[in-house]
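The next block holds one structure in the form of structure tokens; read it before the comments.
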Amino acid sequence: WNPSFSPVHPFTVLPKHSWLPQYRFTFSTSCQQANTQKLTHRICVSLWAPTHVVPHPCISYSSVQSEDSVLLFVIAWTITEIIRYSFYTFSLLNHLPYLIKWARYTLFIVLYPMGVSGELLTIYAALPFVRQAGLYSISLPNKYNFSFDYYAFLILIMISYIPIFPQLYFHMIHQRRKILSHTEEHKKFE
Amino acid sequence: APCQPLKVEILDAKTREKLCFLDKVEPQATIAEIKNLFTKTHPQWYPARQSLRLDPKGKSLKDEDVLQKLPVGTTATLYFRDLGAQISWVTVFLTEYAGPLFIYLLFYFRVPFIYGHKYDFTSSRHTVVHLACICHSFHYIKRLLETLFVHRFSHGTMPLRNIFKNCTYYWGFAAWMAYYINHPLYTPPTYGAQQVKLALAIFVICQLGNFSIHMALRDLRPAGSKTRKIPYPTKNPFTWLFLLVSCPNYTYEVGSWIGFAIMTQCLPVALFSLVGFTQMTIWAKGKHRSYLKEFRDYPPLRMPIIPFLL
């Protein structure tokens, strides 16, 4: 079983939102959302994969931990993506069942924190391994006078969740209020 | 045209709320004068942060525009938009350039807490490191002096948040580059003195070129004016690049940084050059487009930043 590939492959960088006539998403938030997701998915999978492909006796306990946290975000994001792309598909066909719209703008309340927790736990669990193996890191001296510390980079990524996640989360909450109440009003006039 | 005084009402562009009503305004009054009158009733909105337009969604009127020449009746309706806190271009430039000058020197002199304690205040044994410090410092001193004595700005101010954005960019990259170049484990260029000499030549030529262009642009515009003219090559050979390019100052600037990157053989410098090049290309294309729009007889051979290519 290889959970590295979600059933719905996210081409998440392109802002599909711009085609939709009814809903206007801010380009920056949706792009931020899409780019962040793609980047963090890649980081989390690339962290989890080495701990499994090359099992390390010293951190076997954290392989188990990271297995659970990987499960957490893969399930969260898979469900999210299935709903999200169904939403887009039906919207384009101009035949959007209310259930899909409701699901998209309600389930995220649980799924986003689940996904983010899974990602953070995976990164955290992999940190000792990254330090030990010097994964993806370059040190001085070298011909191009450059260095990169993947461990420090991961810490920065984890810290960046603090400003970024609330912005995305509250943006979705705001969208939910706007879009679901809009539909309620429409229903009243039918 | 009648010399009767006009009335001016100023409405908020978003809420259409009536903010100010000016009775008896001279028809020859300029927008700048109206902005000053508006500040009297709303002192928190100084003229630099006012944008006045004829249409709520239209373009801002210029300070020099005369009220009489605008398509208004006896009562002019102007729409106001707050541009936010403003800061002068000169202040921003001085701050963003002084930072790298100072920061680089902190790394060059290996001030404590940057590298290991055994390296505090030590000096590099590589000539190229000293040369790089001279070039980098010269570059930013040149920029500071040009800001004070050479440049003639079209706009007085820019939004305040720009100073934070710009300083982060300049200061951040300066620290990143300086860290590696002045590092005790710095590796000098692969092709040694030959590479350094060639790179230095490129750097010096481009610095002279960039300065020549700045002087030529300054001479196009008399002090205190905001006129715009097509720049042409002068007797100075460095300005002959105007034959091929609209913004040779940017061309020379990229050249300087490429020279510096070759001299130091440092990847962060190359990345800084790349990012700078991207930004300057955007600016050059914009400038080129405005030139084409404004001047019918604009020389067709010219490209925005790279001769024949870009």
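Just a few scattered comments:
- Footprinting exposure proxy for B:TRP240, B:TRP89 (fewest neighbouring C-beta atoms within 10 Å first): B:TRP240, B:TRP89
- Share of Cα-Cα pairs in region B:1-114 lying beyond 19 Å, as whole percent: 55 percent
- Gyration tensor verdict on region B:101-235 (Cα atoms; rounded if a/c is under 1.5, prolate if a/b is larger than b/c, oblate otherwise): oblate
- Least to most buried among B:ILE230, B:ILE305, A:ILE162, B:ILE258 (fewest other Cβ within 10 Å first): A:ILE162, B:ILE230, B:ILE258, B:ILE305
- Test item: Cα-centred dipole of region B:1-72, Lys/Arg +1 and Asp/Glu -1 on Cβ, debye: 240 debye
- Charge dipole of chain B about the Cα centre (unit charges at C-beta), most positive-ward option of B:CYS167, B:CYS247, B:PHE121: B:CYS247
- Summed side-chain charge close to B:LEU309 - residues other than B:LEU309 whose Cβ falls under 13 Å, Lys, Arg +1, Asp, Glu -1: +2
- Charge dipole magnitude, Cβ of K and R +1, D and E -1 - chain B, Cα centre, debye nearest 20: 360 debye
- Sparse-neighbour loop sites [trypsin sites (Lys or Arg not before Pro); region B:77-136; at most 12 other C-beta within 10 Å; DSSP]: B:ARG125
- Here region B:253-300 is treated as a Stokes sphere of Kirkwood radius computed over C-alpha pairs; at 20 °C and 1.002 mPa s its diffusion coefficient rounds to 176 µm²/s.
- Label-to-label distance, nm, for residues given as B:SER88 and B:THR227 (7 Å Cα→Cβ offset): 2.4 nm
- Amide N of region B:234-257 lying under 12 Å from the label point, which is placed 7 angstrom from the Cα of B:ARG218 along Cα→Cβ: none
- Within region B:174-288: Cβ-based charge dipole about Cα centre, in debye rounded to nearest 20 (Lys, Arg +1; Asp, Glu -1): 540 debye
- Fewest neighbouring Cβ atoms within 10 Å first, the residues B:GLU9, B:GLU96 line up as B:GLU9, B:GLU96.
- In a DSSP loop and with at most 16 other Cβ atoms within 10 Å, there are no trypsin sites (Lys or Arg not before Pro) in region B:156-208.
- Cα-based shape type of region B:124-170, given that a ≥ b ≥ c are square roots of the gyration tensor eigenvalues and the cut on a/c is 1.5: oblate
Computed from the coordinates by the stated procedures, all read-outs in this text should not be read as laboratory data. Worth saying up front: this structure is predicted, and the values here are computed from it rather than measured. Cβ atoms come from the backbone with ideal geometry, glycine included; neighbour counts cover every protein chain shown.
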